[in-house]
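Report on the structure given below.
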Amino acid sequence: SRYYREVLPGEIVKISRYDVQTLDVVPRPEGDPSAFCIFEYVYFARPDSIFEGQMVYSVRRRCGQQLAIEAPVEADLVSTVPESATPAALGYAQKCGLPYVEVLCKNRYVGRTFIQPNMRLRQLGVAKKFGVLSDNFKGKRVVIIDDSIVRGNTISPIIKLLRESGAKEVHIRVASPPIRFPCYMGINIPTKEELIANRPEFHDLANYIGADSVVYLSVEGLVSSVQESIKARHENENSLKTQKSRVGKIGHCIACLTGEYPVELEW
């Protein structure tokens with residue numbers, strides 16, 4: 001197979017042995033900004049996916065590099081909560097000049113805990129999902145890169161596992177900003193109250209989850225990491241006319257981070 005082009009928002013592509021047909025089922029007025037879900041880059045998409053002309057893996061790596069600029073820490077090694085955070089961890093390690101070392105092994109037969117419908121199922125998922133590679137980090141200061149901390153139910157037991165297995169220090173760096181607002185576009189974040197960033201514990205989050213420190217990537221850092229390649233490509237083309245006619249201006253939905261929704265909500 002080979003990459004041809006992206007399927008546009010509201011577009012249906014029908015492929016047969018004879019031809020390729022497209023149908024627009026949702027209008028895309030010329031000049032209107034798009035509002036592509038920025039969490040596709042952070043968590044949902046496969047790293048080899050291509051959105052807006054760039055590979056998700058590359059964006060996640062840039063997020064890790066930006067996180068290293070914003071939140072360096074004295075440590076011996078960098079690791080990750082596999083697997084969606086791995087590119088960010090590699091970017092962080094490269095920028096900081098620290099070795100990247102695996103400290104967790106993942107049970108590939110357990111699904112994603114973030115999208116489980118209740119807390120009990122999410123916690124059971126974490127318990128089954130990870131094992132530790134203790135020989136790689138005993139007595140060392142570890143930086144763990146995670147893609148996001150939504151409810152706090154995943155990272156806390158991981159930190160406990162690492163400490164019980166000999167980690168001297170565990171520092172958490174999150175390659176996305178705190179999620180503070182629900183998504184009304186189909187993602188399982190139903191209430192503000194269950195988000196860790198809106199709870200009293202957030203003000204002392206490191207102590208709450210058992211880490212030595214916790215720092216999130218800024219909203220500006222995430223947006224710049226996502227849009228850097230897109231803007232550079234547009235500048236090289238020296239014209240946005242072709243791109244605008246297809247997908248509108250550069251734009252991403254960051255409503256879960258800022259509360260600024262791309263459409264007016266009707267209650």
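Checking the a/c ratio against 1.5 first, then a/b against b/c, what shape does the Cα gyration tensor give for the range 129-180? Prolate shape, in that a/c is at least 1.5 and a/b is the bigger ratio. Loop-resident trypsin sites (Lys or Arg not before Pro) (DSSP state other than H, G, I, E or B) in the range 1-55 with no more than 14 further Cβ atoms inside 10 Å of their Cβ: Arg2, Arg5, Arg17.
Taking only the Cα atoms of the range 56-221, the ratio Rg/Rh comes out at 0.94, with Rh defined as the Kirkwood radius. Computed over the range 1-103, relative contact order equals 20 percent, with contacts defined as Cα pairs under 8 Å that lie 6+ residues apart. Pairs of lysine residues in the range 56-221 that meet both criteria, 8 or more places apart or on different chains and Cα atoms under 13 Å apart, total 5. A simple spin-label model places pseudo-atoms 7 Å from Cα toward Cβ; at Glu164 and Val20 they are separated by 5.2 nm.
The modelled label-to-label distance between Ser134 and Ala232, using points 7 Å beyond Cα along the C-beta direction, is 4.4 nm.
What's the exposure ranking of Ile158, Ile172, Ile230, Ile145, going from fewest to most Cβ atoms within 10 Å?
Starting with the residue having the fewest Cβ neighbours, the order is Ile230, Ile158, Ile172, Ile145.
Rule-based calculations on the coordinates, nothing more; no lab input. These numbers come from a predicted model, not from an experiment. Neighbour counts are summed over all protein chains in view; Cβ atoms, including those assigned to glycine, are modelled from backbone coordinates with ideal geometry.
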